[in-house]
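**Student:** Encoded as structure tokens, here's the structure I'll be asking about.
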Amino acid sequence: MQQHFSLAECDVVGFDLDHTLCRYHLPQSARLIYDSFAHYLVTEKGYDEDLLTLSPDNLDFCCKGLVLDIEEGNFLKLAEDGTVLRASHGTKSMTFEELLEIYGRKEWKHFNTVSGMVSRTAKYYLYDNYFDLPGALLCARVVDSLDQHDGQKKYDFWKDMVAAIQHNYKISAFKEDCGMYFPEVKNDPDKYLQRCPESVKKWLKQLKNAGKILLLITSSHSDYCRLLCEHVLGSDFEEYFDILITNALKPGFFSHTPNQRPFRTLENDEEQEALLSLDKPGWYSQGNATQLYDLLKKMTGKLDPKVVYFGDSMHSDIFPAHHYSNWETVFILEELLGDKGTVPAKAESEPLEKKGKYEGDQLKVPYFVSKQWGSFFMDRLPGLENAEETLVHTWSCKCISTYSTIAIPSLEAIADLPLDYRFTRFSSNSSATAGYYPSPPRALLPNEDSVMMK
């Protein structure tokens, strides 16, 4: 495979919507999501009212890449080899001794299925995006509460958590003003949504003018998609895209072959009859990557059009687009903004005035690194019996270099670059930092003390 990746070489550029094209004010949206789920558990399922009170410090528990061992009520941070680096029972961190006693230095029992991105199981849940993440904090507090009142050893709260998620996010919830989430965002979109920077809008037009086909593929329903796009891109948002696909039900959109869901047309945001094939550009619902690709072949006149897809979820966007569809993938990773010390990579083709752009921006970003869980990318593994501790990559970090072409903090980070800018791919050499733009996370740089075990 060639060492570099360039948008100029792609025929089709696809985007996820939430936390990719549409970015959120994270502290506000995290609180809203937490409250939406907690309110349901307390009012509908009889959980402890204490769950409704939340201090800002509590949100430090939220860290992407955590896995909840549902039956045990434990949260785990995994190393790339599947061993457990850190763990908590409920919100309470385990000591190194507890960790060794419960998990040892061997691969976690469900690592094989979690690393295969198998998600539908009653055994564990992987938290890999900002829509899910506040639910991790809520589940941890539910475990604390159950321990306090019932002294449970095995937990069965998960079915109630799933019900809370479905109540707030189900397809009809937006239209019916059901739950807390959609009514709140409708009522005050500016509180939760960041408007798309002019540089990104200009870049989308530039891609289109260069003859690229632009796709939007989101699992959000069409009515919520419309609200988001009008707010962040403007009332003319449909002009940016050739094909819009809502309610895509990712990762199934990519992975459900041969049991593919058909595309459906929409009328007033209601799904209509199933289509046997996709024949022309437009706005559709559900569908599958195979029929979409057939249309892209027609539209480009190429047997093997090259597609790149931008997304923020390893599980729903990056892994399936790479693994099932063999698309190029650009991972949107806001964790790259958590590094206050980052200095952009010195790319020779970059004008000087651009090199300092990210440093100032980073101070304004409402992104934090969890003190409880430490770096998303690396962690220290304490040595056994006086042996020295070792630095290891997290499983989340390993996934990035395995399934992404490149990783960037936001679309804005690349919007001012020429379309033929040559990015270094992750797979181009043995370096673990090759594919990060504008620079690798500080935790991955040699001799770095930013990874704490405290």
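**Student:** Would you call Glu101 acidic (Asp, Glu) and loosely packed, with under 14 Cβ neighbours inside 10 Å?
**Tutor:** Yes, satisfied.
**Student:** Considering only strands (runs of 3 or more DSSP E) fully contained in the stretch 375-454, which possess at least 1 residues that are open to solvent by less than 10 Å² (accessible area, probe 1.4 Å) and either closer than 28 Å to Lys106 by Cβ or at pLDDT below 80 (or both)?
**Tutor:** 378-381
**Student:** Also, quick follow-up: I want to confirm something. Restricting to the stretch 146-157 and keeping residues that are touching a Gly at 6+ places or on another chain (Cβ under 9 Å) and in a helix (DSSP H, G or I), which single residue is surrounded by the fewest Cβ atoms within 10 Å (Cβ to Cβ)?
**Tutor:** Asp147
**Student:** Could I ask something else about it? Quick check on my filter: what residues within the stretch 178-194 are touching a residue at least 60 places away in the same chain (Cβ under 8 Å) and of a type outside the set (Ser, Thr, Tyr)?
**Tutor:** Gly179, Met180, Glu184, Val185, Lys191, Leu193, Gln194, listed by residue number.
**Student:** Go through (1) within 13 Å of Leu292 (Cβ to Cβ); (2) of a type outside the set (Ser, Thr, Tyr); (3) within 24 Å of the chain's Cα centre (by Cα); (4) crowded, with 20+ Cβ neighbours inside 10 Å for Phe263 and report which single condition fails.
**Tutor:** All conditions are met except number (3).
**Student:** Given the options Asp190, Asp223, name the one that is of a type in the set (Asp, Glu), open to solvent by less than 30 Å² (accessible area, probe 1.4 Å) and not in a loop (DSSP other than H, G, I, E, B).
**Tutor:** Asp223
**Student:** Oh, and also: So, of the residues in the stretch 158-177 that are open to solvent by 70 Å² or more (accessible area, probe 1.4 Å) and touching a residue at least 12 places away in the same chain (Cβ under 8 Å), which turns out to be nearest to the chain's Cα centre (by Cα)?
**Tutor:** Only one residue tops the list, namely Ile171.
**Student:** Consider only pairs whose beta carbons are under 9 Å apart and that are at least six residues apart or on different chains; among these, list those whose first residue lies in the stretch 90-105 and is more than 20 Å from Thr390 (Cα to Cα) and whose second residue is β-branched (Val, Ile, Thr) and not in a helix (DSSP H, G or I).
**Tutor:** Note: pairs meeting the criteria are Ile102/Val84.
**Student:** Which ones in the stretch 241-258 are closer than 18 Å to Leu296 by Cβ and open to solvent by 30 Å² or more (accessible area, probe 1.4 Å)?
**Tutor:** The answer is Asp242, Thr257.
**Student:** Sticking with this structure for a sec: Could you check the stretch 293-311 and list, in sequence order, the residues that are part of a loop (DSSP other than H, G, I, E, B) and open to solvent by 10 Å² or more (accessible area, probe 1.4 Å)?
**Tutor:** Hits for the stretch 293-311 are Gly301, Lys302, Leu303, Asp304, Lys306.
**Student:** Consider the stretch 255-292. How many of its residues are under 15 Å from Leu215 (Cα atoms), part of a loop (DSSP other than H, G, I, E, B) and in contact with a Gly (Cβ under 9 Å, 6 or more places away or on another chain)?
**Tutor:** 2
**Student:** How many residues are buried (at least 17 other Cβ atoms within 10 Å of the Cβ) and not aliphatic (A, V, I, L, M) when one looks only at the stretch 112-143?
**Tutor:** Here the count works out to 13.
The values are calculated or read from the model by the stated rules, or taken from the named source; none is laboratory data. Remember, predicted model here, so these are calculated numbers, not experimental data. In this analysis, Cβ positions are derived from the backbone assuming ideal geometry, glycine residues included, and neighbour counts consider all displayed protein chains. To get the accessible areas, we keep the full protein, side chains included, count just its heavy atoms, and leave off ligands, DNA and RNA. Shrake-Rupley method; radii C 1.70, N 1.55, O 1.52, S 1.80 Å.
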